[in-house]
Amino acid sequence: MFNEVLLSNEVIIYLISQTILLILQVFALFWVFDIVKNWDFNSTKPKQYSLEKKSYLVMLIIFFALIVKIALIPYFAYVIDNLSNIVPGAMCAAGVISANDYGVKLLALKVFIVFFNSIWIIVNSEDLKEKNYPYIKIKLYFFMFIFFLVLIEYILDILYFTNISLDEIVLCCSVIFGVQGENTLPLGLDTTKLLILFYLFYLLNIMANISKQALLSFVVNIIFLYVAYLSVVEFFGTYIYELPTHKCPFCMLQKEYYYIGYLLWSMLFLGVFYAISSFVLKFLIKKELAYTYKYSIIFNTIFVLICTLYVGIYYLKNGVFL
């Protein structure tokens, strides 16, 4: 029965895309070894000239592959959400991603890969601004690390989709993320305390970024990412669904909610990414990029505004809170 999953047009397109990108990166990796081993920008030998020409093509292939990998993340979310139509018991992507032991691990790995891909793109951009390509070996070693993760991701992709059973009923999101009357929040938190933490860490994020404290911004945004996720699932999401018992981070990706989940989660990822990247880049290339702090504030602010607006609009329409 799993063949019906593999014969889905969306799954076929996704797996073919992943295969093509992996092949491209294998070719790039073959040339990367040669460049890393023999690169010497100060050399005037023909070998160095050949490596410089080869590096243009290699960087183009890597850049293209990593950009497309980032673009495939929302498509992956769309694919698993669409599979909820044929997976018994699934109401949205939550049930499908939990259909076997590989789904959650795969999703987490994809988020990390998007983060590392984005870091590589920034490092590559900074390297190309300099005449002597000071970061070329750093970004190529970094690509080797990314390729290792991509290889694991590809294996998990295959294992995940080939092990989705259409004979077993999966859990729906209301069961996975808690049912009415249950407090699923950690550390004894309630909704009020959670919202206080949400806006508090948002303000701390702004202050850390304005003062350009890379380490502080890194720590604050890691915590904010977790608190923001809990806040959306526990509170803000219920205003998107206009139902106090509906607590799911995936249903908001659906047409019924105008695909707002794609925008919401993208803004959170970008806001946290730019804050974290400011610290990582200082460690990786010993360089501080001022725009990372600015973008972190912008994207996190958009995320917080979207969340808050849903609550405000609901109150204006109905005169009560959920």
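The values are calculated or read from the model by the stated rules, or taken from the named source; none is laboratory data. Keep in mind it's a predicted model, so treat the numbers as computed, not measured. All Cβ positions, glycine included, derive from the backbone under ideal geometry; neighbour counts span all protein chains shown. When the accessible area is computed, the model is the full protein with side chains, heavy atoms only, and any ligands, DNA or RNA have been set aside. Shrake-Rupley method; radii C 1.70, N 1.55, O 1.52, S 1.80 Å.
Once you compute Rg and the Kirkwood Rh from C-alpha atoms, what is the Rg to Rh ratio for segment 104-180? Write out the running numbers ahead of the final one.
Working: Rg = 18.9 Å, Rh = 15.4 Å.
Using Cα coordinates only, the ratio equals 1.23.
How large is the charge dipole for segment 4-173, taken about the Cα centre, if only the Cβ atoms of Lys, Arg (+1) and Asp, Glu (-1) carry charge, to the nearest 20 debye?
Numbers: 12 positive and 14 negative charges, 206 e Å.
Charge dipole, segment 4-173, about its Cα centre: 1000 debye, nearest 20.
Could you pull out every whole DSSP H run in the chain that spans at least 30 Å of Cα extent along its own axis and averages 0.0 or higher on the Kyte-Doolittle scale? Don't jump to the answer; show the numbers that get you there.
Details: long enough: 9-38 (44 Å, 1.48); 46-82 (53 Å, 0.94); 103-129 (39 Å, 1.17); 136-162 (38 Å, 1.83); 260-284 (35 Å, 1.78); 290-318 (43 Å, 0.91).
Once both thresholds are applied, what remains is 9-38, 46-82, 103-129, 136-162, 260-284, 290-318.
If ligands, DNA and RNA are left out, what is the accessible area of LYS255 with a 1.4 Å probe, given in Å² to the nearest 10?
150
How much length is gained on full extension from LEU171 to ILE223, taking 0.36 nm per residue of separation minus their Cα-Cα distance? All intermediate terms of the calculation are to be shown ahead of the outcome.
Values: separation 52, 0.36 × 52 = 18.72 nm, distance 2.85 nm.
Extra length available between LEU171 and ILE223 comes to 15.9 nm.
With charges set only on the Cβ (+1 for Lys and Arg, -1 for Asp and Glu), what does the dipole of the chain come to about its Cα centre, in debye to the nearest 20?
Dipole of the chain, to the nearest 20 debye: 1480 debye.
With a 1.4 Å probe and every protein chain kept in, tell me what percent of the accessible surface of the chain is carbon plus sulfur. Mind dumping the intermediate values first?
Details: 11220 of 16220 Å².
Ligands and nucleic acids excluded, carbon and sulfur give 69 percent.
Below 19 Å, Cα to Cα, which aspartates and glutamates can LYS294 reach? Residues fewer than 8 away in the same chain don't count.
GLU126
Can you put CYS92, CYS172 in order of accessible area, largest first, using a 1.4 Å probe?
In descending accessible area the options line up as CYS172, CYS92.
Could you run the Debye sum over the Cα atoms of the chain, one equal point scatterer each and no solvent, and tell me log10 of I(q)/I(0) at q = 0.06, 0.08, 0.11, 0.12 Å⁻¹, two decimals?
One equal scatterer on each Cα of the chain leads to -0.25, -0.44, -0.80, -0.93.
Evaluate E = 1/(1 + (r/R0)^6) for MET144 and LEU200, where r is the Cβ-Cβ distance and R0 equals 56 Å; express this FRET efficiency to the nearest 0.05.
On the way: r = 40 Å, r/R0 = 0.71.
Computed FRET efficiency for MET144 and LEU200 comes out at 0.90.
Strictly over 27 Å apart at the Cα level, which of LYS37/LYS212; LYS54/LYS131; LYS69/LYS193; LYS53/LYS110 would you flag in this model? Mind showing how you got there, number by number?
Values: LYS37/LYS212 37 Å; LYS54/LYS131 16 Å; LYS69/LYS193 37 Å; LYS53/LYS110 32 Å.
Table pairs above 27 Å Cα-Cα are LYS37/LYS212; LYS69/LYS193; LYS53/LYS110.
Could you work out how far apart the two model spin labels at LEU309 and ILE121 are, taking each label as a point 7 Å from the Cα in the direction of the beta carbon, and quote it in nm?
Distance between the two pseudo-spin positions: 2.4 nm.
Roughly how much of MET144 is accessible, in Å² to the nearest 10, using a 1.4 Å probe?
Per-residue accessible area (MET144): approximately 40 Å².
Which Cα, out of ILE306, LEU21, ILE35, lies furthest along the positive dipole direction of the chain (beta carbon charges, K/R +1, D/E -1)?
Of the listed residues, the answer is ILE35.
For segment 178-318, just the Cα atoms, rotate onto the principal axes and tell me the three extents in Å, largest first.
The Cα atoms of segment 178-318 stretch 49, 34, 25 Å along the principal axes, largest first.
Within straight cross-link reach of LYS129, meaning Cα distance under 19 Å, which aspartates and glutamates are found once same-chain residues fewer than 8 apart are removed?
The reachable aspartates and glutamates, counting only those whose Cα sits under 19 Å from LYS129, are ASP40, GLU52, GLU288.
If you count only protein heavy atoms with a 1.4 Å probe, what accessible area per residue comes out for the chain, rounded to a whole Å²? Don't skip to the answer; put the middle values down first.
Details: 16220 Å² over 322 residues.
Counting only protein heavy atoms, the per-residue value for the chain is 50 Å².
How about segment 232-322: which chymotrypsin sites (Phe, Trp or Tyr not before Pro) there are in a DSSP loop, with at most 11 other Cβ atoms within 10 Å of their Cβ?
TYR258, PHE321
Let me have the relative contact order for the chain, percent, based on Cα pairs under 8 Å that are six or more residues apart. The partial results should precede the final answer.
Numbers: 352 pairs, mean separation 54.9, N = 322.
With pairs under 8 Å counted, the relative contact order is 17 percent.
Could you tell me how far the Cα centroid of segment 89-104 sits from the Cα centroid of segment 9-62, in Å?
Here the two parts' Cα centres lie 35 Å apart.
Could you grab the relative contact order for segment 210-322? Cα pairs under 8 Å, six or more apart, rounded to a whole percent.
Taking the mean separation of contacting Cα pairs over the length of segment 210-322, I get 30 percent.
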